[in-house]
Amino acid sequence: MTSPCKSQEPAIKPIFSQQQSLATRFVFLLIICIALLFVDHRYHYLSTARSWLTMVVTPLQWISDLPSRAFSTADELVTSRSELFEENTRLKARSLILEQKVQKLASLTAQNLRLKELLNSSELVDEQVLVAEIIGVDPDPYAHIVTINKGSSDGVFKGQAIVDANGVMGQVVAVNPVSSRVMLVTDTASRVPVQVNRSGYRAIAVGTGSKDSMELVHIPDTVDIREGDLLTSSGLGQIFPVGYPLGKVRKVVHTPGDAFAKIEVQLMAEVNRTRFVLLVFRADEEIDPESAPELNQETGS
């Protein structure tokens, strides 16, 4: 005699309450995130936390840069690596400082002839500078931002001008204790006050997002600007020092009926190839020489 088989129906899980709980948590977390974004944007309470988080990330940036360092120093392993590396770094810093002075002499000569004022050229050429190294590049293709290995502990400040051996390169937009972020002049948000070295005409150069060029904006079609004219920083705005080369006029387009000419500028700074840059300190700013061993100490000689 066989016993009747009892059908066993699968138990139904109460998934509705679980989905409702997840939705409630998601909405709660979303509200917290929006509140934190508003507080940080409005009152900047998280700036200190962001600065310390950057310090934690800095070693990772340094580690990610190790492969390129290994390739650049491979040929030094034949002899004493430590001695050659130290000598090479010292010579690069010295060469960068000397090339920066030579680049500025042409602008100073034209300025002295044009204005005929009592200008002390040695003071204009010999600003204090600090050598820094680019250790990171922003991955966003629309933001031309790089990271350098100098920060507030080295005397770096927000808005400080950055140049290389050939010309103006950018300015500091964020400072952390051991590193800083630099916006290059090619960024679309960059603005550089310049003047034509030949005539002294002042204008504003803006970044176009291109890797090696900028544009002059709002230039009347009748202004005497020619291809090949050298553009230097005018010093207006007190961000970029006076007389540093920015670039040369590559193209001047006069369109009939337009009130303004389209002027393209070929940059002199190698913004995508330069590894070592100079942080420029104005005369009224001081930094601690002990925290900046590469500081130019030859300006008084």
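The values are calculated or read from the model by the stated rules, or taken from the named source; none is laboratory data. These figures come from a predicted structure and were not determined experimentally. Cβ placement follows ideal geometry from the backbone for every residue including glycine, while neighbour counts extend to all protein chains displayed.
Could you count how many residues in the range 173-214 are part of a strand (DSSP E or B) and within 15 Å of the chain's Cα centre (by Cα)? Give the steps one after another, and end with the answer.
Taking the range 173-214 and keeping what is part of a strand (DSSP E or B), we get 173-175, 180-184, 191-196, 202-207, 213-214.
Then drop every residue that is not within 15 Å of the chain's Cα centre (by Cα), which leaves 173-175, 180-184, 191-192, 206-207.
The number of residues fulfilling the criteria is 12.
What are the residues in the range 237-251 that are among the aliphatic types (A, V, I, L, M), within 24 Å of residue 222 (Cα to Cα) and out of contact with any Lys or Arg (no Cβ under 7 Å at 6 or more places or on another chain), if any?
Our first condition is that a residue be among the aliphatic types (A, V, I, L, M); within the range 237-251, this holds for 239, 242, 246, 249.
Checking the rest, the ones that are also within 24 Å of residue 222 (Cα to Cα) come to 246, 249.
Selection gives 246 alone.
For residue 239, are the conditions met, namely being touching a residue at least 40 places away in the same chain (Cβ under 8 Å), in contact with a strand residue (DSSP E or B) (Cβ under 8 Å, 6 or more places away or on another chain) and part of a strand (DSSP E or B)? Don't jump to the end; show me each part of the working.
Values: touching a residue at least 40 places away in the same chain (Cβ under 8 Å): yes; in contact with a strand residue (DSSP E or B) (Cβ under 8 Å, 6 or more places away or on another chain): yes; part of a strand (DSSP E or B): no.
No.
Working only within the range 181-195, note down all residues that are under 29 Å from residue 50 (Cα atoms) and not acidic (Asp, Glu).
Going through the range 181-195, the residues under 29 Å from residue 50 (Cα atoms) turn out to be 181-192.
Residues satisfying the conditions are 181, 182, 183, 184, 185, 186, 188, 189, 190, 191, 192.
Tell me which residues, restricted to the range 253-264, are surrounded by 10 or more Cβ atoms within 10 Å (Cβ to Cβ) and in a loop (DSSP other than H, G, I, E, B).
Within the range 253-264, 254, 255, 258, 259 meet the criteria.
Given the criteria surrounded by 18 or more Cβ atoms within 10 Å (Cβ to Cβ), over 21 Å from residue 190 (Cα atoms) and at pLDDT 85 or above, does residue 154 qualify? Give the derivation first.
On the way: surrounded by 18 or more Cβ atoms within 10 Å (Cβ to Cβ): yes; over 21 Å from residue 190 (Cα atoms): yes; at pLDDT 85 or above: yes.
Judged against the criteria, residue 154 is a match.
List the residue pairs whose Cβ atoms are under 7 Å apart, where the first residue sits in the range 39-53 and is surrounded by 10 or more Cβ atoms within 10 Å (Cβ to Cβ), the second is among the charged types (D, E, K, R), and the two are 6 or more positions apart or on different chains.
Partner pairs satisfying both residue conditions: 46/40.
Among the residues of the range 222-240, how many are surrounded by 15 or more Cβ atoms within 10 Å (Cβ to Cβ) and either touching a Leu at 6+ places or on another chain (Cβ under 8 Å) or over 25 Å from residue 157 (Cα atoms) (or both)?
Start the filter on the range 222-240 by keeping residues that are surrounded by 15 or more Cβ atoms within 10 Å (Cβ to Cβ), which leaves 223, 225, 229-235, 239-240.
With either touching a Leu at 6+ places or on another chain (Cβ under 8 Å) or over 25 Å from residue 157 (Cα atoms) (or both) added as a condition, the list becomes 223, 225, 229-233.
Final tally of qualifying residues: 7.
Give the residue that is modelled with the highest pLDDT, with candidates limited to residues of the range 265-280 that are touching an Asp or Glu at 6+ places or on another chain (Cβ under 6 Å) and part of a strand (DSSP E or B).
By that ranking, first place goes to 267.
Regarding residue 165, is this residue crowded, with 18+ Cβ neighbours inside 10 Å, in the same structural domain as residue 254 (by TED's automatic domain parsing) and at pLDDT 95 or above? Don't jump to the end; show me each part of the working.
Numbers: crowded, with 18+ Cβ neighbours inside 10 Å: yes; in the same structural domain as residue 254 (by TED's automatic domain parsing): yes; at pLDDT 95 or above: no.
So residue 165 does not fit the description; no.
Only one of these conditions is not met by residue 143: (1) under 21 Å from the mean Cα position of the chain (by Cα); (2) modelled with pLDDT under 85. Which number is it?
For residue 143, the failing item is (2).
Here is a check on your reading of the model: is residue 250 of a type in the set (Lys, Arg), at pLDDT 90 or above and in a loop (DSSP other than H, G, I, E, B)? Don't jump to the end; show me each part of the working.
Values: of a type in the set (Lys, Arg): yes; at pLDDT 90 or above: yes; in a loop (DSSP other than H, G, I, E, B): no.
So residue 250 fails the test.
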